[in-house]
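Every number here is computed from the coordinates shown, using simple stated rules; none is lab data. The shown structure was predicted, so the numbers you read here are calculated from the model rather than taken from an experiment. When we count neighbours, we look across all protein chains shown, and the Cβ atoms used for this are built from the backbone with ideal geometry, even at glycine.
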Amino acid sequence: MVASDALELDAVLRSLSHDFKEPLRSIRWYLIRIIADKAVAAKPATLQDVRKLDALVADVQVQFTLLYETYKKTGETEALRHFVNTDLRDEISSISRAWGGVHSKVKGVKFDRDPFSIADLSARIARLSRRYEGLLEYIRHSHALNLTRIGLHNEAERVLTDLTALSEDIVTDGTFQIAGNVIGLFDQSLIGLLFQNLIVNSMKYRVPEIDLSIRIKISVQDGADFPAMVPTQLRDAFSGRKGPHAYISYTDNGRGIPAAYQNAVFEPFVQVRDTDAAKGSGMGLAIVKGAVQKHGGVIAITSAEGKGTRFWIALPIRDE
């Protein structure tokens, strides 16, 4: 795991504490109910497999708790980093494989206790895996800037071309406009992730009955001019900036983001609706914000439910 500043490490620790610890606890709640069921107890082999799976989940809980408490007391991060990058990966893979075997044995069982959804437990375990993959993606790109001279327009087009190759629906069901350009020193990998995650986010949360529309406008603006350019509620975020900046306006016509979530959507694993958990890891916009902050930039949004979202992005332009 590579984390180049305390902000990123703090975000990872918060996500581990809330977005892994709590799901593991809920998974164990389901497993303990299965273990206690008479119908499962009547099948010793199945009961043994469920207990082994529960032991795997419990082991991850114990490891994380010990390492996290050690970090809080001593500030030592190396053991926690190793756990995230290797041990946690192996443990979550083992949990997923073990559940695959257990699921085939319990999916047809008629439980004598209060009924609960095996499908819900499957969804929780699958979500745990997606969240870990999202976390890896987030920390994988937490590196020092590798600056090269690129054009932002070209990068947006390249990402769109790559995504189109993966899904023809982008072309047949969407309208895309990329206007303007800024050439400067940027991290090509991070800029690619910025555009990729914005576009994928728009695709996931589009309005089904409406063709997707995405408009990207790129221009050079002086940092001092931003407070007058952005909506009143965003002026504080963009104040105090000086010198030439790449200004990126990204607008879609998707479902929009409720006002209550607009200050939180850039945090790791935040998903606006319960149904969103089935669509991804909740890391996309956190990666976007990380890419912007790495460049010393700022990002904010304006959005209305049912009317789409606009992302306001300012990146300092470096020439050397």
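Computed from backbone phi with θ = phi - 60° and the Karplus coefficients 6.51, -1.76 and 1.60, the 3J(HN,Hα) list for region 146-156 is 10, 7, 9, 7, 9, x, 5, 4, 4, 5, 4 Hz; x is used for glycine and proline. The Cα atoms of region 147-316 give a gyration tensor whose axes a ≥ b ≥ c have a/c of 1.5 or more with a/b no greater than b/c, which makes the shape oblate. For K110, a cut-off of 18 angstrom between C-alpha atoms picks up these lysines, skipping any fewer than 8 places away in its own chain: K38, K43. Ranked by how many other Cβ atoms sit within 10 Å of their own Cβ, fewest first, the residues M203, M283, M229 fall in the order M229, M203, M283. Among E157, E69, E91, the ranking by other beta carbons within 10 Å of each residue's beta carbon, starting with the fewest, stands as E69, E157, E91.
Of all lysines in the structure, those lying under 29 Å Cα to Cα from K73, and not within fewer than 8 positions of it along the same chain, are K21, K294. Taking amide H as placed 1.01 Å from N in the peptide plane, the amide H of S213 sits under 5 Å from that of T175, N253, each at least 5 places away or on another chain.
Remark on G180: its backbone amide H falls under 5 Å from those of I218, a criterion applied only to residues 5 or more positions apart or on other chains, H modelled at 1.01 Å from N.
Could you give the length gained by full extension between K38 and I183, i.e. 0.36 nm per residue of separation minus their alpha carbon distance, to one decimal place?
45.4 nm
For region 237-254, the Karplus equation 6.51 cos²θ - 1.76 cosθ + 1.60, evaluated at θ = phi - 60°, returns couplings of 5, 9, 7, x, 8, 9, x, x, 10, 7, 9, 10, 9, 10, 10, 10, 10, x Hz by residue, with Gly and Pro reported as x.
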